[in-house]
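Q: Take this structure, written in C-alpha cells, and hold onto it; I'll ask about it next.
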Amino acid sequence: MANVLAGATNHFEFNELPNSRIILSEECYRRLSADINLCAFSGTKELEYGTFLYGKEIKPNVIYFDMPSKYDDYEPSFREFEVNIDKNGNELLMHKELMSKIEDNKYNCIAHIHTHPYIGGTCRFFSNQDLRTIQTLQRDFQPENGEKKYFFGGLLTVGPENVHETDEISFVFYDENNGWYKITNINVFLNNQEIPFFKVDTKPKMRLG
C-alpha cells in the first residue's frame, strides 16, 4: 500500500502495471511540455494547467495517446485543475469534448493530466483528490453503448527552482479489481521511432533519453 501523506499519496510506491508502456504522439508531447512551462513561468507559479489525452490500447497494457484536447478554455486555478464549468456556470468546451470522446469508438483510453508547481512537501505526488477524480471518471464516465473506457491520471511536476532537467512526468491507472498502479515506461513517438523519457531512480523526467 502506498504511503498516504497529508492529503497526498506517494504514487511512486504503487506496483508497476504489468508489461505496460505509454506512447505519446509528438502532438501530445508538445502539449504536455507547453503545460509544464506555463506552470513554471506564468502567474503566481502556483496555478495548475492541464489537458486530456485521447488514445487506444494497441496491445495489452500498451497505450498510444495520439491526441490532446483541442481546447484550453479553463481558468488556471490555485492548486486546482477544474475543467467542468466556467465562472458563469457554462460548460467548458474542454468538458464537452471529453463527453464526446467518451462516446467515440475511436478511443478507449483517456488521460486526465495536470501540473503541480514545485512548492515543497508532497507536491511531487498526486493529491488524494486527484486520485479520487480518476476513480470517479473510471466508475461513472462510461459510454452508453457499454464499450469500456479506461482512465489514466497524469501528473507533470515542475522541478525545484524551475530547473527543467528535474521536471517529472507520472502516470497512474486505477484497476477496479486490483487497485492502483503506476506506469513508468513512457515514450514519445518521433521520427518513426519510440524515444523514452530519461529516468532517475525509475522516475521519468520531462526530457527525452
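The values are calculated or read from the model by the stated rules, or taken from the named source; none is laboratory data. Please read all numbers here as calculations on a predicted model, not as lab measurements. Counting neighbours? That spans all protein chains shown, and the Cβs are built from the backbone with ideal geometry, glycine included.
Q: Considering each of Ser20, Ser33 in turn, give the residue that is of a type in the set (S, T, N, Q) and either touching a His at 6+ places or on another chain (Cβ under 7 Å) or surrounded by fewer than 18 Cβ atoms within 10 Å (Cβ to Cβ) (or both).
A: Details: Ser20 fails: either touching a His at 6+ places or on another chain (Cβ under 7 Å) or surrounded by fewer than 18 Cβ atoms within 10 Å (Cβ to Cβ) (or both).
The match here is Ser33.
Q: Please work out which one of (1) at pLDDT 95 or above; (2) in contact with a helix residue (DSSP H, G or I) (Cβ under 8 Å, 6 or more places away or on another chain) is the condition Arg207 fails and give its number.
A: Result: Arg207 fails condition (1) only.
Q: Go through region 100-110 and count every residue that is touching a Pro at 6+ places or on another chain (Cβ under 9 Å) and surrounded by 17 or more Cβ atoms within 10 Å (Cβ to Cβ).
A: Total meeting the criteria: 1.
Q: Restricting region 34-60 to residues that are polar (S, T, N, Q) and under 16 Å from the mean Cα position of the chain (by Cα), which is farthest from Gly121 (Cα to Cα)? Spell out the reasoning first.
A: Step one: list which residues in region 34-60 are polar (S, T, N, Q), which gives 37, 42, 44, 51.
Next, from what is left, pick out any that are under 16 Å from the mean Cα position of the chain (by Cα): 37, 51.
Working: Asn37: 21, Thr51: 24 Å.
The qualifying residue farthest from Gly121 (Cα to Cα) is Thr51.
Q: Let me ask something additional. In contact (Cβ under 8 Å) with a residue 12 or more places away in the chain, in contact with a strand residue (DSSP E or B) (Cβ under 8 Å, 6 or more places away or on another chain), of a type outside the set (Val, Ile, Thr) and assigned to a loop (DSSP other than H, G, I, E, B): which single residue out of Tyr107, Tyr29, Tyr71 fits that description? If you could, list the steps in order and put the result at the bottom.
A: Working: Tyr29 fails: assigned to a loop (DSSP other than H, G, I, E, B); Tyr71 fails: in contact with a strand residue (DSSP E or B) (Cβ under 8 Å, 6 or more places away or on another chain).
So the residue among Tyr107, Tyr29, Tyr71 that is in contact (Cβ under 8 Å) with a residue 12 or more places away in the chain, in contact with a strand residue (DSSP E or B) (Cβ under 8 Å, 6 or more places away or on another chain), of a type outside the set (Val, Ile, Thr) and assigned to a loop (DSSP other than H, G, I, E, B) is Tyr107.
Q: With (1) exposed (fewer than 13 other Cβ atoms within 10 Å of the Cβ); (2) farther than 18 Å from Thr133 by Cβ as the list, and Glu75 as the residue in question, which single condition is left unmet?
A: Tallying (1) exposed (fewer than 13 other Cβ atoms within 10 Å of the Cβ); (2) farther than 18 Å from Thr133 by Cβ, Glu75 fails exactly one: (2).
Q: Could you figure out which of (1) farther than 28 Å from Asn19 by Cβ; (2) part of a helix (DSSP H, G or I); (3) charged (D, E, K, R) isn't true of Glu144?
A: Looking at each condition in turn, Glu144 falls short on (2).
Q: Only one of these is without any contact (Cβ under 8 Å) to a residue 12 or more places away in the chain, surrounded by 15 or more Cβ atoms within 10 Å (Cβ to Cβ) and not polar (S, T, N, Q): Glu82, Glu48, Glu91, Glu97. Name it.
A: It is Glu82.
Q: Out of all the residues in region 158-190, which are in a strand (DSSP E or B) and more than 25 Å from Phe141 (Cβ to Cβ)?
A: Glu168, Asn187, Val188, Phe189, Leu190
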